[in-house]
Amino acid sequence: MIGSLAERLTLQPEVSDALAAGRPVVALESTLISHGLPYPANVEVARASEAAVREAGAVPATIAIRDGRLLVGLDDEALEALATAPEGSVLKAARPSLSAALTRGGWSATTVSASMIVAHAAGIAVFATGGIGGVHLGAFGSPGALQPPTFDISSDLEELARTPMVVVCAGPKAILDVPATLEVLETRGVPLVAVGQAELPGFTARSSGIAAPWSVPDVASAAELAEAHLGLGLDSAIVICVPVPAEDALPDAVARRVAEQAAREADAAGIHGPALTPWLLARIAAMTDGASVRANTALIINDARVAGQIAVRLARGVASAG
Ligand code: PSU
Ligand code: MN
């Protein structure tokens with residue numbers, strides 16, 4: 001027996017103490033550190049996200065994989081190691097690559113899907129990321145159908161459908177086919193709710209131009225809905241979408257234009273598979289002269305803060321929190 005998920009877990013003492021005492025904990029992913037953002041923005045955002053969770057009154061637990069162990073909570077040295085690892089040395093681990101990540105040794109970063117698996121195994125119910133993965137443009141064929149469909153649909157969507165958790169993000173990443181992503185989430189029974197606006201947040205932009213399936217006025221109502229959802233025991237996640245802070249947002253039209261252009265370039269360059277999302281994010285950073293990195297950084301920290309606030313409310317019991 002090589003080891004179940006539970007046997008592979010290594011929790012930081014602060015995290016296990018908080019969980020044992022029923023205090024609020026927020027899981028954070030690590031692929032955005034290793035594959036999503038350039039250095040030093042990546043390590044700054046990792047530290048600032050942890051600080052934002054703490055300010056809200058919760059304990060942060062950044063998740064990653066090292067030498068066959070599922071790490072729940074990273075110290076500063078580990079964050080730095082992940083952020084500065086030579087290109088290509090950190091595996092991007094998702095549900096389908098989890099066993100490979102554990103057997104190869106060394107560092108792997110966890111995507112939304114792998115982070116949710118590990119967080120759930122550790123007993124953590126609230127998780128923050130930047131933008132969830134979803135249906136890539138062209139997954140169901142391109143308009144005019146000159147290209148065959150790629151079927152590139154992130155394993156994040158499957159995970160959201162099968163793991164009970166509160167997932168806080170700034171919407172599906174703008175590089176995706178967002179309407180198709182919403183359709184898959186609906187089919188798979190995953191509620192998605194926008195906070196403070198009727199429109200679905202657009203990742204690095206305030207709005208995606210699409211109505212959110214559901215919306216609530218504020219974080220308190222989001223926590224109430226999340227508590228109700230988890231209470232039902234449906235085994236699916238609920239996705240809480242908070243818009244990027246206005247001062248760091250890309251204009252909606254700019255975000256959409258660069259996302260579409262980057263997707264066309266990736267297609268022409270033959271970029272596929274797990275490399276696609278990091279390639280698109282890096283290309284958009286270059287196309288916007290770093291403005292997308294500022295927006296991405298701001299939205300990740302904001303998501304961590306809101307996840308902290310939700311975790312605090314859930315730990316108290318929303319009803320008694322008033
Ligand atoms: N959010 C960000 N930056 C990222 C990601 C999310 O702001 O880099 C990562 C997450 O780890 C997510 C992954 O799970 O991108 C999706 O990759 P793919 O499309 O290959 O499933
Ligand atoms: Mn993919």
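Taken together, the values in this text are just the output of simple stated rules run on the coordinates, not laboratory data. The structure presented is a predicted model; accordingly, all values stated were derived computationally and were not measured. All Cβ positions, glycine included, derive from the backbone under ideal geometry; neighbour counts span all protein chains shown.
To the nearest Å, what is the center-to-center distance of segment 1-48 and segment 98-154, using C-alpha atoms only?
Answer, in whole Å: 17.
Can you tell me the order of 46-55, 182-191 when each peptide is scored by its average per-residue count of other Cβ atoms within 10 angstrom, highest first?
On the way: 46-55: 21.1, 182-191: 16.9.
The packing order, highest mean first, is 46-55, 182-191.
If you take the square roots of the eigenvalues of the alpha-carbon gyration tensor of segment 199-322 and sort them as a ≥ b ≥ c, do you get rounded (a/c under 1.5), prolate (a/b over b/c) or oblate? Provide the component values of the computation, followed by the final result.
On the way: a/c = 2.51, a/b = 2.01, b/c = 1.25.
Since a/c reaches 1.5 and a/b is larger than b/c, the shape of segment 199-322 is classed as prolate.
So if I take the alpha carbon set of segment 100-146, get Rg, then get Rh from the Kirkwood formula, what is the Rg over Rh ratio? Please report the intermediate quantities before stating the final value.
Numbers: Rg = 15.9 Å, Rh = 13.6 Å.
In segment 100-146, Rg relative to Rh is 1.17.
Please give the charge dipole size of segment 25-161, origin at the Cα centre, charges +1 on K and R Cβ atoms and -1 on D and E Cβ atoms. Round to the nearest 20 debye. Walk me through the numbers before you get to the answer.
Values: 7 positive and 14 negative charges, 58 e Å.
Magnitude of the dipole: close to 280 debye.
Let me check I've understood the local charge: for Ala18, count other residues with C-beta under 15 angstrom from its C-beta, Lys and Arg +1, Asp and Glu -1. What total comes out? Don't jump to the answer; show the numbers that get you there.
Values: positive: Arg23, Arg54, Arg316; negative: Glu14, Asp17, Glu50.
Result for the neighbourhood of Ala18: 0.
Under 1.5 on a/c is rounded, so check that first for segment 1-87, then, if it is not, pick prolate when a/b is larger than b/c and oblate when it is not; a ≥ b ≥ c are the square roots of the alpha carbon gyration tensor eigenvalues.
It comes out oblate by the Cα gyration axes.
Using the Cβ atoms and a cut-off under 14 Å, what net charge is assigned to the surroundings of Glu77, where Lys and Arg are +1 and Asp and Glu are -1?
On the way: positive: Arg47, Arg66; negative: Glu50, Asp75, Asp76, Glu80.
That sum, taken over residues with Cβ under 14 Å, equals -2.
Hey, what number do you get for the chain at 222 nm if only DSSP H runs of n ≥ 4 count, each worth -39500 (n - 2.57), divided across all residues, to the nearest 500? Don't skip to the answer; put the middle values down first.
Values: 13 runs with 146 residues, N = 322.
Mean residue ellipticity, 222 nm, calculated: -14000 deg cm²/dmol.
Please compute the volume of the convex hull spanned by the alpha-carbon atoms of the chain and report it per residue in Å³.
Details: hull volume 40.9 nm³, N = 322.
So the per-residue hull volume is 127 Å³.
How much net charge surrounds Gly209 when only other residues with a Cβ under 10 Å from its Cβ are counted (Lys, Arg +1; Asp, Glu -1)?
Details: positive: Arg256; negative: Glu199, Asp252.
Residues close to Gly209 contribute a combined charge of -1.
Would you work out which of Gly308, Leu71, Ile240 lies farthest towards the positive end of the dipole of the chain? Charges go on Cβ: Lys and Arg +1, Asp and Glu -1.
Leu71
Check every DSSP H run in the chain and write down those whose alpha carbon atoms cover 18 angstrom or more along the long axis and whose mean Kyte-Doolittle hydropathy is -1.0 or greater.
Those that pass (Cα extent of 18 Å or more, hydropathy at least -1.0) are 41-55, 219-232, 252-269, 291-316.
Specify whether the C-alpha gyration tensor of segment 102-208 places it in the rounded, prolate or oblate class, a ≥ b ≥ c being the square roots of the eigenvalues: rounded for a/c under 1.5, otherwise prolate if a/b is larger than b/c and oblate if not. The partial results should precede the final answer.
Details: a/c = 1.92, a/b = 1.25, b/c = 1.54.
It is oblate, given that a/c is not under 1.5 and a/b is not larger than b/c.
Please sort 310-317, 18-25 by packing, taking for each peptide the average over its residues of neighbouring beta carbons within 10 angstrom, highest first.
On the way: 310-317: 21.0, 18-25: 17.0.
Ranked from most to least packed, the peptides come out as 310-317, 18-25.
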